[in-house]
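Beneath this line is the structure, given in structure tokens, with notes to follow.
The values are calculated or read from the model by the stated rules, or taken from the named source; none is laboratory data. Worth saying up front: this structure is predicted, and the values here are computed from it rather than measured. Every residue, glycine among them, receives a Cβ derived from its backbone with ideal geometry; neighbour counts consider all protein chains shown.
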Amino acid sequence: MGFFNKSGKTDKTTGDNLEKTLSTILVKDIMSKKLITASSSTTAHQISKMMEQGIGSVLVKNGSDDMGIITDRDFAIKIVANKHSYDIPIEKIASFPLQTIGSNESVLDAAKQMASKKIRKLAVIENDKVVGIVTSSDLIRQLSKMTQ
């Protein structure tokens, strides 16, 4: 993994050090603990009203253990592009199963998982329970703190 030094050239040593540092920072240290959940029968319109308030994702409960997620990006891709009605239940458009990462995993692992799955959010689990969410924005914020 290369990283740009102050001259704009790739500096492998800096990149290696950055990768090593990112592998020591835990997901639980940067995750958000504020979780918003909705039942799978909630409509897309109801979710959109939540998202107007600045919420970027909502965890979707579908039964006792089955969970998924609906994101602001899902609205553009799954609802608007497919011309779904706004009264469609979110179970029809949410992403199942929920993509997760352990709270004691590194932020480097989270970044790799997001990149490989082409997603921007991971639910954080501890003892088989969702305890937070980590986003690509969280990772970028952490990275910017380290490179100042």
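For this structure, a couple of remarks:
- Candidate set from segment 77-112 (those that are acidic (Asp, Glu) and surrounded by 13 or more Cβ atoms within 10 Å (Cβ to Cβ)); member that is nearest to Ile47 (Cα to Cα): Glu91
- Tabulated pairs, segment 94-106, first under 17 Å from Glu126 (Cα atoms), second basic (Lys, Arg), C-beta under 9 angstrom, 6+ apart or interchain: Gln99/Lys117; Gln99/Lys121; Gly102/Lys28; Ser103/Lys28; Asn104/Lys28; Glu105/Lys28
- Against the criterion of being charged (D, E, K, R) and surrounded by 11 or more Cβ atoms within 10 Å (Cβ to Cβ), Glu52 does not qualify.
- Of all residues in segment 103-148, exactly one satisfies the criterion of being of a type in the set (Gly, Ala, Ser) and in contact with an Asp or Glu (Cβ under 7 Å, 6 or more places away or on another chain), namely Ser103.
- Selection from segment 113-148 of residues that are of a type in the set (Gly, Ala, Ser) and buried (at least 16 other Cβ atoms within 10 Å of the Cβ): Ala123, Gly132
Results for (1) in contact (Cβ under 8 Å) with a residue 60 or more places away in the chain; (2) in a helix (DSSP H, G or I); (3) among the polar types (S, T, N, Q), shown as yes or no for each residue.
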residue: His84; (1), (2), (3): no, no, no
residue: Ala111; (1), (2), (3): yes, yes, no
residue: Ser116; (1), (2), (3): no, yes, yes
residue: Val130; (1), (2), (3): yes, no, no
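- The single residue among Thr71, Thr147, Thr135 that is within 14 Å of the chain's Cα centre (by Cα), of a type in the set (Val, Ile, Thr) and modelled with pLDDT under 95 turns out to be Thr71.
- Selection count, segment 94-109, where residues are part of a loop (DSSP other than H, G, I, E, B), of a type in the set (Gly, Ala, Ser) and at pLDDT 95 or above: 1
- Residues in segment 56-76 that are surrounded by 15 or more Cβ atoms within 10 Å (Cβ to Cβ) and either in a strand (DSSP E or B) or of a type in the set (A, V, I, L, M, F, W, C) (or both): Ser57, Val58, Leu59, Val60, Lys61, Met67, Gly68, Ile69, Ile70, Thr71, Phe75.
- Listed by first and then second residue, the pairs linking a residue in segment 41-65 that is within 18 Å of Leu98 (Cα to Cα) to a residue that is basic (Lys, Arg), with Cβ atoms under 6 Å apart and 6 or more places separating them unless they lie on different chains, are Ser57/Lys121.
- Annotation: Ala115 fulfils all but one of (1) farther than 22 Å from Thr43 by Cα; (2) in contact with a helix residue (DSSP H, G or I) (Cβ under 8 Å, 6 or more places away or on another chain); (3) small (Gly, Ala, Ser); the unmet one is (2).
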